[in-house]
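Q: One structure coming up, written as structure tokens, with questions to follow.
The values are calculated or read from the model by the stated rules, or taken from the named source; none is laboratory data. Computed from a prediction, not measured in an experiment: that's the story for all the values here. When we count neighbours, we look across all protein chains shown, and the Cβ atoms used for this are built from the backbone with ideal geometry, even at glycine. For the accessible areas, the whole protein counts, side chains as well, though only heavy atoms, and no ligand, DNA or RNA atoms are used. Shrake-Rupley method; radii C 1.70, N 1.55, O 1.52, S 1.80 Å.
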Amino acid sequence: QVQLVESGGGLVEAGGSLRLSCAASGTGSIIGAMGWYRQAPGKQRDVVALITSGGNSNYADSVKGRFTISRDDDKNTVYLQMNDLKPEDTAVYYCYAAVRSANFWGKGTLVTVSS
């Protein structure tokens with residue numbers, strides 16, 4: 001059974017930084033794309049950043065230049081370095097992984113950015 005466990009969320013002041021981590025287990029080392037989505041209160045879940053198994057990454061326009069996604073396939077872990085955080089980045093952040101043509105999400109970690 002595939003499980004994704006996020007960590008690293010918390011409360012930070014505007015302009016600050018956080019690093020999210022997500023460890024995948026039960027995948028059998030067959031992981032395709034990994035990434036991060038977020039959902040703010042009253043809004044839909046949107047993609048933040050994705051990274052392919054080959055290391056190619058894509059970002060939402062709102063986070064380009066501030067967030068960096070990376071992955072460590074030896075650890076089955078994906079990271080999201082978030083710099084220059086803004087109050088509008090406040091949301092629950094969900095880890096995502098594509099495993100054998102199925103999509104999986106973690107339970108989420110809350111990021112709160114105070115102004």
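Q: Counting pairwise Cα distances across segment 1-54, what percent come out greater than 18 angstrom?
A: For segment 1-54, the share of Cα pairs beyond 18 Å comes to 48 percent.
Q: For the chain, what is the accessible area per residue in Å² when the probe is 1.4 Å?
A: So the chain comes to 53 Å² accessible per residue, rounded to a whole number.
Q: Ignoring any ligand, DNA or RNA, what whole percent of the accessible area of the chain comes from carbon and sulfur when the probe is 1.4 angstrom?
A: Carbon-and-sulfur percentage of accessible area, whole number: 46.
Q: OK, next. Keeping every protein chain in place, order T112, T68 by accessible area at 1.4 Å, biggest value first, i.e. largest first.
A: T68, T112
Q: For K64, which lysines qualify as cross-link partners when the Cα separation must be under 16 Å and same-chain residues fewer than eight apart are set aside?
A: K86
Q: So which trypsin sites (Lys or Arg not before Pro) in segment 57-115 pass both tests, a DSSP loop state and at most 15 other Cβ atoms within 10 Å of the Cβ?
A: For trypsin sites (Lys or Arg not before Pro) across segment 57-115 that sit outside H, G, I, E and B with at most 15 neighbouring Cβ atoms in 10 Å, the list reads K64, R66, K75, R100, K107.
Q: Pick from I51, I30, I69 the residue whose mean-square fluctuation is largest in a GNM of the chain, springs joining Cα atoms under 10 Å.
A: Answer for the Gaussian network model of the chain: I30.
Q: So what's the gap between the Cα centers of segment 9-23 and segment 69-96, to the nearest angstrom?
A: Segment 9-23 and segment 69-96 have Cα centres spaced 8 Å from each other.
Q: Within the chain, what percent of beta bridges assigned by DSSP are antiparallel, to the nearest 5?
A: Once the DSSP bridges in the chain are tallied, antiparallel ones form about 90 percent.
Q: Can you send over the solvent-accessible area of D73, 1.4 Å probe, protein chains only, in Å² to the nearest 10?
A: 80 Å²
Q: Karplus couplings for segment 8-19 from phi (6.51 cos²θ - 1.76 cosθ + 1.60, θ = phi - 60°), rounded to Hz, Gly and Pro as x?
A: Listing the rounded values in order: x, x, x, 9, 9, 7, 4, x, x, 10, 9, 10 Hz.
Q: Contour minus end-to-end for A102 and S62, with contour as 0.36 nm per residue of separation and end-to-end as the Cα-Cα distance?
A: Contour length minus the Cα-Cα distance gives 11.7 nm.
Q: Any number yet on Rg/Rh for segment 20-115, C-alpha, Kirkwood?
A: On the Cα set of segment 20-115, Rg over Rh gives 0.96.
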